[in-house]
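No lab work stands behind these numbers, since they all come straight from the coordinates. Everything quoted here is computed from the prediction, not taken from an experiment. Glycine also receives a Cβ, built like all others from the backbone with ideal geometry; neighbour counts cover every protein chain displayed.
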Amino acid sequence: MSLTLPKILLSINAMHTEPIWKSWFARHGAKLLMFARQQARNSADAEDLLQEAFVRMWRLYGHTGEVPPGLVYRAIRRLAIDWARSLDRRVIREDNVAADMEKNAWFDRSMERNERRDALLEAVHLLPSEQKEVLTLKIWGEQTFDEIAKTLGISLNTAASRYRYAMSKLKKSVPELLSEPRGEDSK
Amino acid sequence: MNEFEELEKELRSFPPAKPSEAFESRLEKALGESGNLAVRRLPELEEEATSRLPAERGKVVPFLRAFTFPISAVAALVALALYVAYPVFQKKTTPAVSPSLASEQSLPAKPEFVDEEGLSPLHGVSAAEFAAMSESGWSDPQVKEILVDVSDEGIIDRPGSSPARQYRYRYLDETIWRNPETNTLMRSSVPRQEVVLIGLELY
């Protein structure tokens, strides 16, 4: 055994390989970072949160080659709560102002900007945080309501109703803009 | 139909900002060796291997696809027949040769590593490369236990006993082999977890 295992490891080293976490992170990294940005005080903290959560989960389950993204979302959420508890409230208030200024960094800046997009994203940012986090996990995180409920520690019904409230608010906020794609589709 | 379908579609069309390259390098550093536990072969190498004979590939592959199952079945039957017949064959041939020669013949040079076709059992490593690997010179492995995480999973009920607080310890058992001759270092990390129950007294 002691001779066979080194041989196997040697031959694996000899092949041209890439760690699986890189392709995993290419698929899920942006969505996770967006959620971390929502949970953290600023971009730097969001990156720290994501790093801590991802490294913990990958060390535990990375050997399988696939880690359910839901586990990393949950770890981000728990870490954010722990970190917030250990911080002074005044610091949090000041940083929330800075976080508001960074909200445009949530989305890919290379996409075409227009009035419609800006209005919709502004409406997303104005949502209450508990609705915004459900919306983020559902729309960009592609999580089910069951997974969202587990991540946020709420019931499935609460997750679903927060989502409905968020979507209704967004629809009311930009009703005239939302009529545009319907018109194009009907042609 | 979902009343928010259009709105959902529109929101999904706004892609979240990608993490910076600097952040990914930071992540790579933080992951360390645990990042290399699961790896995949790079696709360009597989393409290189399959694109050597592009003209022939189109003809051969459909043929192979159609006959894969029958060929596999025949190969399995032949292998089974050889396995069953081998001891009988040995009994018949042994008296014909001297005992010492027979023992030499019955022990092939690399029986566990090289098969009948001279192929390596490891994908991507040739038989010659495999045979060239040094078997000697490996020093005793160093074994290390790394505590990754401890979590308090709360109080649990135990039937017929007092409740207990459950702690879960997650470890990485790391083994390092060194070969000073070839200046090679290999590391294997195996995750492990332990559950510890601490009994609670009821008042």
Once the piece of chain linking B:Q193 and B:I176 is laid out straight, how much longer is it, given 0.36 nm per residue of separation minus the C-alpha distance between them?
-> 4.1 nm
Residue mean of other protein chain beta carbons inside 10 Å, B:171-177 | 2
Would you kindly derive the ³J(HN,Hα) couplings of the stretch A:126-131 from the backbone phi angles with the Karplus curve 6.51 cos²θ - 1.76 cosθ + 1.60 (θ = phi - 60°), listing them in order in whole Hz, with x for Gly and Pro?
-> 7, 5, x, 4, 5, 7
Shielding of A:138-146 by partners, i.e. mean partner chain Cβ atoms within 10 Å per residue?
-> 2
Under the definition of partner shielding as Cβ atoms of other protein chains within 10 Å of a residue Cβ, what is the mean value for peptide B:13-26?
-> 6
Cα-Cα over 25 Å: which of A:K31/A:K150; A:K31/A:K132; A:K22/B:K9; A:K132/A:K172; A:K150/A:K172; A:K31/A:K171?
-> A:K22/B:K9; A:K150/A:K172
B:L80 versus B:F14, label points 7 Å from Cα toward the beta carbon: distance in nm?
-> 6.3 nm
What is the spin-label model distance, in nm, from A:T158 to B:S161 if the labels are put 7 Å beyond Cα along the C-beta direction?
-> 3.4 nm
